[in-house]
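Student: Supplied in structure tokens, the structure appears directly below.
All of the numbers you see were taken from the coordinates with simple rules; none came from a lab. Nothing here was measured: the structure is a model prediction, and the numbers come from that model. Every residue, glycine as well, gets a Cβ built from its backbone with ideal geometry; the counts of neighbours run over all protein chains shown.
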Amino acid sequence: MKPQTRLLSSVLAVVLTVSAVVAAGGIPASAAPTAPVNKYVALGDSYAAGQGGGGYTDSCLQSPNGYPALLDAVKGTNLLRNVSCSSATTIDVTATQLSALNRGTTLVTLTVGGNDLNVAGVAAACASADTVACGTAISAAGALLGSGELAGRLAATVAQVAVAAPNARVVVTGYPLLFAPSSNVLIGQVNGATVVLNQIIQGVVAQAQVARPSAAIDYVDVSDAFINHAIGDTDSWVNFFGPDAFHPTPAGYQAYAAAIRAVL
């Protein structure tokens, strides 16, 4: 047999052998690239824990209907740790929750600031008939907002989260307006305080983006999602009675999760 003929025969034999093995399943086809999984840690207060969602699993009032659990159910997101806790303030987050973060964390959510401002307490006072208590609560909240102290606390918290999880995308949320638009001046003041709180949180995030251009830090506004779903609306996504008053219902937390997913 001529050398060229022997070479062609050898090549043909190899091709036929490989084809037969592949057909029999001996050589697996290349798998499609696997999308990276978000290694997720949830930080924050009662809104992060899911208070109002029911079915609580611990003393922090974490709920399976809260937005961390809802995000965990999304393909590509793995909730490694949820250290959010009802009543947590910015000081609590920095003192007790940051240890849950590390360089391997790739997604962090944070909802905090409402307890610093005592939003639920202000809302409760102003929803009652006690106008004096309402006025006192609003004055205290206004002083904290106007002094810049709350902005400083929030800025320090966001900065420390970014340092503790340097490879993570950090998503900081705002709060919904609790009451439907009303001619009641006091109710309007409560909503107004929440608007200012959200503006401060958004401003802090914007400053963090400038200070740390290499970091991925986003603000998520949920107020639009709750339009026509506040206390006083026919289909309210905010609890009004009992120990969970002024916290979202399960439907409200679904709105939170959807708003967060929109930026991811």
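Student: Antiparallel versus total DSSP beta bridges in the chain: what percent is that, nearest 5?
Tutor: Working: 1 of 22 bridges.
Around 5 percent antiparallel, to the nearest 5.
Student: Follow-up question, since we're still on this one. Taking amide H positions as placed 1.01 Å from N in the peptide plane, with prolines and chain starts having none, which residues 5 or more places from ALA216, or on another chain, fall under 5 Å of its amide H?
Tutor: Answer set, sorted by chain and number: VAL170.
Student: For the Cα atoms of the chain, what angle does the longest principal axis make with the long axis of helix 185-211, in degrees from 0 to 90, nearest 10?
Tutor: 40 degrees
Student: While we're here: Can you give the three extents of the C-alpha atoms in the stretch 64-223 along their principal axes, from longest to shortest, in whole Å?
Tutor: 50, 34, 26 Å, listed from the longest principal axis down.
Student: With both bridge residues required to lie in the stretch 111-264, what share of the DSSP beta bridges run antiparallel, to the nearest 5%?
Tutor: 10 percent
Student: Please say if the stretch 94-159 is rounded, prolate or oblate, where rounded means a/c under 1.5 for a ≥ b ≥ c the square roots of the C-alpha gyration tensor eigenvalues, and otherwise the choice is prolate for a/b larger than b/c and oblate otherwise? Show your work: numbers first, answer last.
Tutor: Values: a/c = 4.23, a/b = 2.33, b/c = 1.81.
Because a/c hits 1.5 or more and a/b exceeds b/c, the stretch 94-159 counts as prolate.
Student: Right, here's the next one. So how far, in whole Å, is the C-alpha centre of the stretch 92-115 from the one of the stretch 209-245?
Tutor: The distance from the Cα centre of the stretch 92-115 to that of the stretch 209-245 comes to 18 Å.
Student: Right, another one. In deg cm²/dmol, rounded to 500, what helix-only [θ] at 222 nm does the chain give when every DSSP H run of at least 4 residues adds -39500 (n - 2.57) and the total is split over its residues? Numbers along the way, then the final one.
Tutor: On the way: 9 runs with 116 residues, N = 264.
Rounded to the nearest 500, the figure is -14000 deg cm²/dmol.
Student: Which whole-Hz ³J(HN,Hα) couplings does the stretch 116-132 yield from phi under the Karplus relation 6.51 cos²θ - 1.76 cosθ + 1.60, θ = phi - 60°, glycine and proline marked x?
Tutor: Karplus-based 3J(HN,Hα) across the stretch 116-132 equals 4, 8, 6, 4, 5, x, 5, 4, 5, 5, 7, 7, 8, 8, 8, 5, 5 Hz.
Student: Using +1 on the beta carbon of Lys and Arg, -1 on that of Asp and Glu, and nothing else charged, what's the dipole of the stretch 36-261 about the Cα centre, debye to 20?
Tutor: Using Cβ point charges on Lys, Arg, Asp and Glu, the stretch 36-261 gives about 780 debye.
Student: Could the peptides 156-164, 230-238 be put in order, highest first, of the mean number of other beta-carbon atoms found within 10 Å of their residues?
Tutor: Ranked from most to least packed, the peptides come out as 156-164, 230-238.
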